[in-house]
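What follows is a single structure, written as C-alpha cells, with notes after it.
The values are calculated or read from the model by the stated rules, or taken from the named source; none is laboratory data. Since this is a predicted model, take the numbers as computed values, not measurements. Neighbour counts run over all protein chains shown; Cβ positions are idealised from the backbone, glycine included.
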Amino acid sequence: MRLIASLFICLGLAGPAMAQCTGQDLRQTLSESDRAELKAIVAETPFATGNRWRAVRGDSVVDLIGTVHLDDPRLDAPAERIRPLIENAKVVLLEMSAADQAELTGALSSRPEMLLLSDTTLPELMDEASWQALAAAASARGVPPVMAAKFQPWYLSMLLSLPPCATANLTDAQGLDGRIMDMALSAEVPMQSLEAYETVFNTFSDAPMEQQIAMVKAALVAPDTSEDMFATLLASYFEEAGTEAWQVSRLLSRQLAALDPATSDAMFARMEIDLLDARNRAWIPVIMDAGKAGPIVVAAGAAHLQGEAGLLNLLKAEGFTLTRKPF
C-alpha cells in the first residue's frame with residue numbers, strides 16, 4: 001500500500017475527499033463448505049490470531065505489532081497503547097522506514113522502468129473485455145486509462161485491491177505503521193527497514209507476465225464488491241484474526257474473481273510464498289541482529305505474523321518464548 005501511496009504522490013493522482021467506505025462484511029456469505037475449510041485451516045495454523053506479541057530469549061526482547069497500512073479511526077486506541085513500546089525501544093523496524101519511503105518516492109520519479117512496461121502495453125496483452133474492465137476500474141481510482149495501459153500489471157493489481165472509496169485520500173492516510181513512524185520520530189528513536197524497498201518490486205517484476213495478468217484479472221470485481229471485500233478484511237484485522245483474513249480473501253476470490261477456482265488458489269499460494277514466507281525468513285536475521293542492542297519493536301503487516309513461516313513461528317524456532325499482548 002505504501003507503493004501505491006508513493007505512486008499517487010509522484011503522479012499527483014490523489015483526488016478530492018470522497019465518502020467513507022461503507023462495505024459489508026462478507027464472511028457470513030461463505031458457504032457451509034467454505035466455512036468448514038476456513039475453520040480447519042485456522043485451527044491448524046500456528047499463531048493464527050493476535051496483532052501484538054512479545055518474543056523473549058534471554059536478554060533479547062522483541063515486541064511485534066501487526067499493522068494495517070491504511071487509515072481507520074479504530075487505530076487510535078491501539079496506537080496509544082503501544083506508544084510506550086515505541087518510545088522505549090532501541091530501534092523500530094518497519095517494512096519501509098520513513099527515510100526509505102522518501103527514497104522510494106524519489107526513485108519512482110526518476111526511474112519509470114520500475115513501474116512501466118518497456119515494449120508493450122496492457123491492451124496488447126489482455127483480451128478486449130478484460131482491458132475495458134481494467135481501464136474502468138483504474139479510472140475509478142484516479143488513474144487515467146492511457147496511463148494504466150503502460151503500467152506493469154502487478155502494480156495495477158495492488159491498486160485494484162483497494163476500492164475507489166479508499167484511494168481518494170490515500171496520500172493523506174495514516175495507517176498504524178504511519179502512526180508508529182510519527183511516534184518514533186517524536187521520541188527520536190531510530191528506525192530501520194526490514195528490507196530494501198526494491199524487494200517487493202523485484203518479487204513482482206520477476207513473476208511471469210501471465211501470472212501478473214492473472215493477478216489483475218483476480219482484482220477485477222465490481223466497485224461495491226471491492227468495497228465489501230475491503231470491509232471484510234478490516235473487520236478481520238480488528239478482530240485480530242490474521243489467518244482468517246488471508247484465507248477469507250482466498251475463498252472470496254474463488255467466488256468473485258474472473259478466474260477458475262484452481263487458478264485463483266494457485267495464485268494465492270504463489271503470493272503467500274513470495275510476499276510472506278520468503279520475506280519473513282529474510283527478516284529474521286535482521287530482527288535478531290537489531291535485538292542485540294536492547295528492546296526493539298517490529299511493525300509489519302498483520303499477515304506476516306501468522307503461519308508456519310510467519311515471524312512468530314520463525315522466532316519460536318530460534319528459541320524465543322512468545323506471549324500475546326493486548327492490542
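Can you find a residue that is over 24 Å from V200 (Cα atoms) and not aliphatic (A, V, I, L, M) anywhere in the stretch 92-111? No.
Exactly one residue among S205, S157, S139 is in contact (Cβ under 8 Å) with a residue 40 or more places away in the chain, touching a helix residue (DSSP H, G or I) at 6+ places or on another chain (Cβ under 8 Å) and under 26 Å from A231 (Cα atoms), and that residue is S157. Hey, among the residues in the stretch 140-158 that are in contact with a Pro (Cβ under 6 Å, 6 or more places away or on another chain) and surrounded by fewer than 23 Cβ atoms within 10 Å (Cβ to Cβ), which one's modelled with the lowest pLDDT? Going through the qualifying residues, I end up with A140.
Taking the stretch 98-121 as the range and being of a type in the set (D, E, K, R), more than 26 Å from I180 (Cβ to Cβ) and in a helix (DSSP H, G or I) as the test, only E113 passes.
Candidates in the stretch 7-58 are the residues that are assigned to a loop (DSSP other than H, G, I, E, B), at pLDDT below 95 and of a type in the set (A, V, I, L, M, F, W, C); of these, the one that is nearest to A241 (Cα to Cα) is L26. Checking each residue in the stretch 94-120 for being β-branched (V, I, T) and in contact (Cβ under 8 Å) with a residue 24 or more places away in the chain picks out only T105. Taking the condition touching a residue at least 24 places away in the same chain (Cβ under 8 Å), over 25 Å from S193 (Cβ atoms) and buried (at least 21 other Cβ atoms within 10 Å of the Cβ), does P123 pass? No; evaluated as a whole, the condition is false for this residue. Does at least one position in the stretch 255-270 carry a residue that is over 19 Å from the mean Cα position of the chain (by Cα), farther than 29 Å from N88 by Cβ and of a type in the set (K, R)? Scanning the stretch 255-270, I find no residue that is over 19 Å from the mean Cα position of the chain (by Cα), farther than 29 Å from N88 by Cβ and of a type in the set (K, R), so the answer is no. Of all the listed residues (L70, L85, L75), the sole one being aliphatic (A, V, I, L, M), part of a loop (DSSP other than H, G, I, E, B) and touching a residue at least 12 places away in the same chain (Cβ under 8 Å) is L70. Identify the residue in the stretch 253-267 that is in contact with a Ser or Thr (Cβ under 7 Å, 6 or more places away or on another chain) and of a type outside the set (G, A, S) and, among all such residues, is nearest to T232 (Cα to Cα). So, considering only residues that are in contact with a Ser or Thr (Cβ under 7 Å, 6 or more places away or on another chain) and of a type outside the set (G, A, S), the one nearest to T232 (Cα to Cα) is L256. Considering only the stretch 131-150, I want to know if a residue exists there that is in contact with a strand residue (DSSP E or B) (Cβ under 7 Å, 6 or more places away or on another chain) and either more than 25 Å from D265 (Cβ to Cβ) or in a helix (DSSP H, G or I) (or both). Scanning the stretch 131-150 turns up at least one residue that is in contact with a strand residue (DSSP E or B) (Cβ under 7 Å, 6 or more places away or on another chain) and either more than 25 Å from D265 (Cβ to Cβ) or in a helix (DSSP H, G or I) (or both).
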